[in-house]
1. Collect residues whose amide H, placed 1.01 Å from N in the peptide plane, falls under 5 Å from the amide H of Ala4; neighbours closer than 5 in sequence don't count.
2. Multiplying the sequence separation of Arg72 and Arg56 by 0.36 nm and subtracting their Cα-Cα distance, what value in nm do you get?
3. What does the charge add up to near Ala9, with Lys and Arg as +1, Asp and Glu as -1, over the other residues with Cβ less than 15 Å from its Cβ?
4. With every protein chain left in place, what is the accessible area per residue of the chain in square angstrom, probe 1.4 Å?
5. Taking springs between alpha-carbon atoms closer than 10 angstrom, which of Ala127, Ala45, Ala35 fluctuates most in the Gaussian network model of the chain?
6. Compute, for region 49-121, the length of the dipole vector about the Cα centre, with Cβ point charges of +1 (Lys, Arg) and -1 (Asp, Glu) only. Units Debye, rounded to 20.
7. Output ³J(HN,Hα) for region 107-120: one whole-Hz value per residue in order, computed from phi by the Karplus curve 6.51 cos²θ - 1.76 cosθ + 1.60 with θ = phi - 60°, and x for Gly and Pro.
8. Looking at the chain, which longest stretch skips every one of the GluC sites (Glu not before Pro) that is in a DSSP loop with at most 15 other Cβ atoms within 10 Å, leaving the sites themselves out?
Amino acid sequence: MRPATAAAARRVGALLGREALEFDAPTRTAAEAAAALGCAVAQIAKSILFRDAAGRPVLCLLPGDRQVDEDRLAALLGRPVARADAAYVREATGYPIGGVAPVGHRTPPEVLADPALLDHAEVWVAAGTPHAVAGLPPEALLRLARARLAPLARRGPAPTAGLGPPGGLV
């Protein structure tokens, strides 16, 4: 792990007020990021992008060991949503899947965050590339991402297999 050199990661670090760090290998999933950082998977704050029926982006932030309950999300928003595909993720955020930061999107999304993020003193977010992360207190993440707290996660633990996209860092 070293200070980030990629322009996108440095930009995200500046927006977060934290140093972005880069790995030699991609950390596209919550499990990969946690293993590289030596932290719990739950300390990885996943950024999962959805698209509402009008085409507007909705960003969900939640612990890496949880999955978005899409029915609950639609009920919270009062409108249907669908998980964004890779092309829409890049178009709306400016980031590739595996590197979607919670800030600095091309099209500002509506942002919701699962309260379970507050269970940790520090969480780690993708920082603009699949190789970059940044750590910060969850309260700072919510403030900087302009997120509102909402119970997004499915009830019960997420499956341990298949933590990559669409359930990994997006």
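1. Correct list: Ala20, Leu21, Glu22.
2. Working: separation 16, 0.36 × 16 = 5.76 nm, distance 1.78 nm.
So the extension gain works out to 4.0 nm.
3. Numbers: positive: Arg2, Arg10, Arg11, Arg18, Arg28; negative: Glu19, Glu22, Asp24.
My count for the surroundings of Ala9 gives +2.
4. Details: 7360 Å² over 170 residues.
For the chain, the per-residue accessible area is 43 Å².
5. Highest fluctuation among the options: Ala35.
6. Details: 8 positive and 10 negative charges, 58 e Å.
The dipole of region 49-121 has a size of about 280 debye.
7. Each residue's phi maps through the Karplus curve to give 10, x, x, 6, 10, 10, 10, 6, x, 5, 4, 6, 6, 10 Hz.
8. On the way: sites that count: Glu19, Glu122.
My reading of the result: 20-121 is the longest stretch.
The values are calculated or read from the model by the stated rules, or taken from the named source; none is laboratory data. Because the structure is a prediction, the values reported are computed rather than measured. Neighbour counts run over all protein chains shown; Cβ positions are idealised from the backbone, glycine included. In case anyone asks, the SASA skips ligands and DNA or RNA and just uses the protein heavy atoms, side chains included. Shrake-Rupley method; radii C 1.70, N 1.55, O 1.52, S 1.80 Å.
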